[in-house]
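Asker: Following this message is one structure expressed as structure tokens.
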Amino acid sequence: MNVLGYAAQSAQEALAPFRFDRRDLRADDVAIEILYCGVCHSDLHSARNDWGNSMYPLVPGHEIIGRVLSVGKAVTRFKAGDHVGVGCMVDSCQHCDPCKQGHEQYCVEFPIVTYNAHDKHDHTPTYGGYSEKIVVSDKFVLKVPDGLDLAGAAPLLCAGITTWSPLRHWKVGKNSKVAIIGLGGLGHMALKLASALGADVTLFTRSKGKEDDATRLGAKHIVLSSDDAQMAAVHGKFDLIIDTVPYVHDLNPYVTTLAINGTLVLVGYLGELDPMLNTVPMIMGRKAVAGSLIGGIAETQEMLDFCGKHNITSDIEMINMQEINDAYERMLKSDVKYRFVIDIATLKA
Ligand code: NAP
Ligand code: ZN
């Protein structure tokens, strides 16, 4: 089927309308009419080739909410009309140990990501959710709980699961002291999810003026990271820190705020650290610095069901498809509360 989307044609060009074909349904496929697509900072990194691996044309978008149009003959879990989600992955090898354990994001052959990859069967490029329709293997389609606001649910598919997965892996609960670095798309979901899990939650931010929002979103304490006295006051405090900052930054001041056995988990910045990490506070307190990539499919469904039960969605600013390039500029200035979501119905306008 021929569909309209928005694509970057190179790292330097603004996103613009682009027509392409989606495959005919295979037996296990679900065809989805896309209703909403969240705008992740990874979309911007990819459109502009920040990671050096972008293939053009590139249609971003991996926070997809839509309605099932039709299903392949072997699909039993979905039917036309169901509200569904698609996140950062659309396939994986499905036979390696991580895949068998439900950690498809760590597939040894690397998962087939929703855009900027190639389908494992026909090798055609994958194109993301800034488009009218998508065709995805049923194993990678999520059920959206009844009652959740559909547009607000879109960012759960990446910002939600990327913060949920470390919260669950490091067993955050009522007695946990958790800190989140950066109040953007991922950061605001982390505040909501960690506080719903019962943790005592702190926000580290470099921006003054986010205090009221942070409190409303679930933070009990706010630390301005540029204020040395505020940083010193939380020395040795946290069991888990989730760092969502997209660009290189100094981790050393944060490591000293970990409690003994605490872990700082990076989900934002990809690349070498500068300045380097000082190992002394890590060795002196069995502290760890770790990383985490999105989450598995079963874990994503668990997070959606938790959000359904607790009525958690993202705080969003809805935009028209034509506003995407301005939205990227505003995201670079942290001028969004707290996730742009594209109303895909505007694509044809
Ligand atoms: P975002 O909405 O732009 O938020 C990032 C926040 O980080 C900002 O709001 C700001 O918060 C802080 N920040 C921004 N630039 C900074 C800088 N130069 N120094 C210090 N702090 C800075 O981005 P997002 O969509 O949440 O994504 C965050 C990162 O996670 C991106 O790099 C994205 O690619 C990555 N990501 C990773 C995964 C994964 O699986 N690991 C999944 C999705 C996204 P304050 O103003 O409060 O300081
Ligand atoms: Zn993302």
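The values are calculated or read from the model by the stated rules, or taken from the named source; none is laboratory data. Just so it is clear, the structure is predicted and the values come from calculations on it, not from any experiment. Glycine gets a Cβ as well: all are built from the backbone with ideal geometry, and neighbour counts include every protein chain shown. Remember, those area values only see protein heavy atoms, side chains included, never the ligands or the DNA or RNA. Shrake-Rupley method; radii C 1.70, N 1.55, O 1.52, S 1.80 Å.
Asker: If we scan the stretch 271-278, do we find a residue that is at pLDDT 95 or above, open to solvent by less than 40 Å² (accessible area, probe 1.4 Å) and farther than 19 Å from LYS171 by Cα?
Answerer: Within the stretch 271-278, none of the residues are at pLDDT 95 or above, open to solvent by less than 40 Å² (accessible area, probe 1.4 Å) and farther than 19 Å from LYS171 by Cα.
Asker: Inspect all residues belonging to the stretch 150-162 and state whether any of them is in contact with a Phe, Trp or Tyr (Cβ under 7 Å, 6 or more places away or on another chain) and away from ligand 2 (no atom under 16 Å from the Cβ). Spell out how you get there, then give the answer.
Answerer: Step one: of the stretch 150-162, the residues in contact with a Phe, Trp or Tyr (Cβ under 7 Å, 6 or more places away or on another chain) are 150-151, 154.
Okay, now just the ones that are also away from ligand 2 (no atom under 16 Å from the Cβ), so 150-151.
There is at least one residue in the stretch 150-162 that is in contact with a Phe, Trp or Tyr (Cβ under 7 Å, 6 or more places away or on another chain) and away from ligand 2 (no atom under 16 Å from the Cβ).
Asker: Further question: Taking into account only those residues within the stretch 50-88 that are over 20 Å from ILE342 (Cβ atoms) and within 16 Å of ligand 2 (Cβ to nearest atom), which is farthest from the chain's Cα centre (by Cα)?
Answerer: It comes out as ASN53.
Asker: Next question. Let me spell it out: the conditions are (1) free of Cβ contacts under 8 Å to residues at least 60 places away in the same chain; (2) part of a loop (DSSP other than H, G, I, E, B); (3) open to solvent by less than 60 Å² (accessible area, probe 1.4 Å); (4) touching an Asp or Glu at 6+ places or on another chain (Cβ under 8 Å), and VAL248 meets all of them except one. Which number is the exception?
Answerer: Condition not satisfied by VAL248: (3).
Asker: Of these, GLY291, GLY268, which one is open to solvent by 30 Å² or more (accessible area, probe 1.4 Å), under 18 Å from the mean Cα position of the chain (by Cα) and within 16 Å of ligand 2 (Cβ to nearest atom)?
Answerer: GLY291
Asker: List pairs: first in the stretch 19-46 and closer than 17 Å to LYS348 by Cβ and at pLDDT 95 or above, second within 16 Å of ligand 2 (Cβ to nearest atom) and assigned to a loop (DSSP other than H, G, I, E, B), Cβ under 7 Å, 6+ apart or cross-chain?
Answerer: PHE20/TYR127; ILE34/GLY129; CYS37/GLY61; CYS37/GLU63; CYS37/GLY129; CYS37/TYR130
Asker: Here is a further query. With respect to CYS99, determine if the residue is crowded, with 20+ Cβ neighbours inside 10 Å, under 24 Å from the mean Cα position of the chain (by Cα) and either closer than 22 Å to PRO145 by Cα or not assigned by TED's automatic domain parsing to the domain that holds ALA153 (or both).
Answerer: Spelling it out, it is not the case that CYS99 is crowded, with 20+ Cβ neighbours inside 10 Å, under 24 Å from the mean Cα position of the chain (by Cα) and either closer than 22 Å to PRO145 by Cα or not assigned by TED's automatic domain parsing to the domain that holds ALA153 (or both).
Asker: Shifting gears a bit: At least 1 residues that are closer than 27 Å to LYS210 by Cα in each: list the helices (runs of 4 or more DSSP H) lying fully within the stretch 267-349 that qualify.
Answerer: 297-310, 324-332
Asker: Taking the stretch 136-165, which residues are assigned to a helix (DSSP H, G or I), in contact with a Leu (Cβ under 9 Å, 6 or more places away or on another chain), surrounded by fewer than 24 Cβ atoms within 10 Å (Cβ to Cβ) and of a type outside the set (Gly, Ala, Ser)?
Answerer: Result: LEU150, single match.
Asker: Of everything in the stretch 53-73, what is in a loop (DSSP other than H, G, I, E, B) and open to solvent by less than 60 Å² (accessible area, probe 1.4 Å)? Give them in sequence order. It would help to see each step written out before you state the result.
Answerer: Step one: of the stretch 53-73, the residues in a loop (DSSP other than H, G, I, E, B) are 53-57, 59-63, 72-73.
The answer is SER54, PRO57, VAL59, PRO60, GLY61, HIS62, GLU63, GLY72.
Asker: If you check every pair at least six apart or on different chains, which have Cβ atoms under 9 Å apart with a residue in the stretch 194-212 that is of a type in the set (A, V, I, L, M) and more than 9 Å from ligand 1 (Cβ to nearest atom) first and a residue that is assigned to a loop (DSSP other than H, G, I, E, B) and modelled with pLDDT under 95 second?
Answerer: ALA199/ASN175
Asker: Go through the stretch 50-86 residue by residue and tally those that are among the small types (Gly, Ala, Ser) and out of contact with any Asp or Glu (no Cβ under 7 Å at 6 or more places or on another chain).
Answerer: Qualifying residue count for the region: 6.
Asker: In the list MET284, MET276, MET231, which residue meets the criterion of being farther than 30 Å from SER131 by Cβ, touching a helix residue (DSSP H, G or I) at 6+ places or on another chain (Cβ under 9 Å) and free of Cβ contacts under 8 Å to residues at least 12 places away in the same chain?
Answerer: MET276
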